[in-house]
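The values are calculated or read from the model by the stated rules, or taken from the named source; none is laboratory data. Predicted model, so just to flag it, every value in this text is computed and none were measured. Positions of Cβ are generated from backbone atoms using ideal geometry, with glycine treated the same way; all protein chains shown enter the neighbour counts. Heavy atoms of the whole protein, side chains included, go into the accessibility calculation; ligands, DNA and RNA do not. Shrake-Rupley method; radii C 1.70, N 1.55, O 1.52, S 1.80 Å.
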Amino acid sequence: MQTTINVSGYDYHVKITGNGAPHWIFFHGFLGNQSDFQTIHPKGTCVYVTLYGFGAHDPMVPAAGFQTKQQVMGLQNLITQLALQPVNIVGYSMGARLALCLALAAPQLIKHLILESGTPGLADPLARWERQQADAARATQIETTGLASFVDHWEQLPLFHSQQTAPLPQQQRMHAMRMAHQPINMANSLRYFGTGTMPNQWPNLSQLTPKTTIITGELDHKFTNIGRQMVAAIPMATQITFPATGHNVHFEQPQEYQTVLNQFSKEVTP
């Protein structure tokens, strides 16, 4: 079922499949939308959310809405309206950063937190400033050269090299998803919820109460190492590292990824 849920005047686009427990909510990454996880269907009720400003037909949305506090409040409202809590939240990359912020703000909504290739932000002030400058430059690139040029550059980043081994139709689907956005919204997402702009959540990880699983790809050394550090800081956390896999684990290994989620289903279903 495809539907919209209005939160403070903004229509979140959501797709709901399956039924019964457990209840899953999926948060996509940057340049993604609800179709990011379209090949992942664990047992239970699955809710695929297109995050604020990432709708294919969204007009320009208020830039302040991308800020962490506003997004977290909106998603709290969204989950409450769905009346499925507590939920298992699966967040990828940008979506993992947002899911973590939500879990720290509203842990009562979440039963199991699955963070794929995510980070709690940057602790070092200089690193935060440098990342803010880099994301501001990327935002300007989108505005000046256009989304198509930016996406071409984005897909060549070393972080995504392993995706080039995927079947061509799968790569084409990913490219089409990245292109289906309002450019100014993507620029403002980088400015207001980039890794250097989001709150530094490292000091707060010890307060995270939901059961947490960190998922990373073996070839993504940076985020695998970040995952290890997160597991050491979170009270109830484990890490699963997929062999011969890069940053986007669910894209590169969809069947294995779904198998892992179904194993979680057995653990959390009464």
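Inside segment 16-33, can you point out the residues that are open to solvent by less than 30 Å² (accessible area, probe 1.4 Å) and within 30 Å of residue 153 (Cβ to Cβ)?
Going through segment 16-33, the residues open to solvent by less than 30 Å² (accessible area, probe 1.4 Å) turn out to be 22, 24-29, 31-33.
Passing the criteria: 26, 27, 28, 29, 31, 32, 33.
Answer with yes or no whether residue 96 is open to solvent by less than 60 Å² (accessible area, probe 1.4 Å), out of contact with any strand residue (DSSP E or B) (no Cβ under 8 Å at 6 or more places or on another chain) and assigned to a helix (DSSP H, G or I). Full working, then the answer.
Details: open to solvent by less than 60 Å² (accessible area, probe 1.4 Å): yes; out of contact with any strand residue (DSSP E or B) (no Cβ under 8 Å at 6 or more places or on another chain): no; assigned to a helix (DSSP H, G or I): yes.
Here the answer is no, as residue 96 does not meet what is asked.
Determine whether residue 103 is under 23 Å from residue 248 (Cα atoms), of a type in the set (Gly, Ala, Ser) and under 17 Å from the mean Cα position of the chain (by Cα). Steps first, please.
Working: under 23 Å from residue 248 (Cα atoms): yes; of a type in the set (Gly, Ala, Ser): yes; under 17 Å from the mean Cα position of the chain (by Cα): yes.
Answer is yes for this residue.
Can you find, within segment 233-243, the residue that is surrounded by the fewest Cβ atoms within 10 Å (Cβ to Cβ) among those that are assigned to a loop (DSSP other than H, G, I, E, B) and in contact with a helix residue (DSSP H, G or I) (Cβ under 8 Å, 6 or more places away or on another chain)? Show your work before the answer.
Taking segment 233-243 as the starting set, the residues that turn out to be assigned to a loop (DSSP other than H, G, I, E, B) are 234-236, 243.
Then keep just the ones that are in contact with a helix residue (DSSP H, G or I) (Cβ under 8 Å, 6 or more places away or on another chain); that gives 234-235.
Details: 234: 25, 235: 12.
It comes out as 235.
Any residue at all in segment 213-232 that is acidic (Asp, Glu) and either assigned to a strand (DSSP E or B) or open to solvent by 20 Å² or more (accessible area, probe 1.4 Å) (or both)?
Let us first name the residues in segment 213-232 that are acidic (Asp, Glu), namely 218, 220.
Next cut, either assigned to a strand (DSSP E or B) or open to solvent by 20 Å² or more (accessible area, probe 1.4 Å) (or both) only: 218.
Taking every residue of segment 213-232 in turn, at least one turns out to be acidic (Asp, Glu) and either assigned to a strand (DSSP E or B) or open to solvent by 20 Å² or more (accessible area, probe 1.4 Å) (or both).
Hey, any hits in segment 258-268 for a residue that's loosely packed, with under 15 Cβ neighbours inside 10 Å, farther than 30 Å from residue 129 by Cβ and not polar (S, T, N, Q)?
Yes, segment 258-268 contains a residue that is loosely packed, with under 15 Cβ neighbours inside 10 Å, farther than 30 Å from residue 129 by Cβ and not polar (S, T, N, Q).
Among all residue pairs at least 6 apart or on different chains, which show Cβ distances below 9 Å where the first residue, located in segment 143-172, is within 18 Å of residue 220 (Cβ to Cβ) and among the hydroxyl-bearing types (Ser, Thr, Tyr) and the second is open to solvent by less than 90 Å² (accessible area, probe 1.4 Å) and in a helix (DSSP H, G or I)?
Pairs that qualify, where the first residue is within 18 Å of residue 220 (Cβ to Cβ) and among the hydroxyl-bearing types (Ser, Thr, Tyr) and the partner is open to solvent by less than 90 Å² (accessible area, probe 1.4 Å) and in a helix (DSSP H, G or I), are 162/252; 165/252.
From the set of residues in segment 31-54 that are under 15 Å from residue 189 (Cβ atoms) and touching a residue at least 60 places away in the same chain (Cβ under 8 Å), which is farthest from the chain's Cα centre (by Cα)?
Among residues in segment 31-54 that are under 15 Å from residue 189 (Cβ atoms) and touching a residue at least 60 places away in the same chain (Cβ under 8 Å), the one farthest from the chain's Cα centre (by Cα) is 53.
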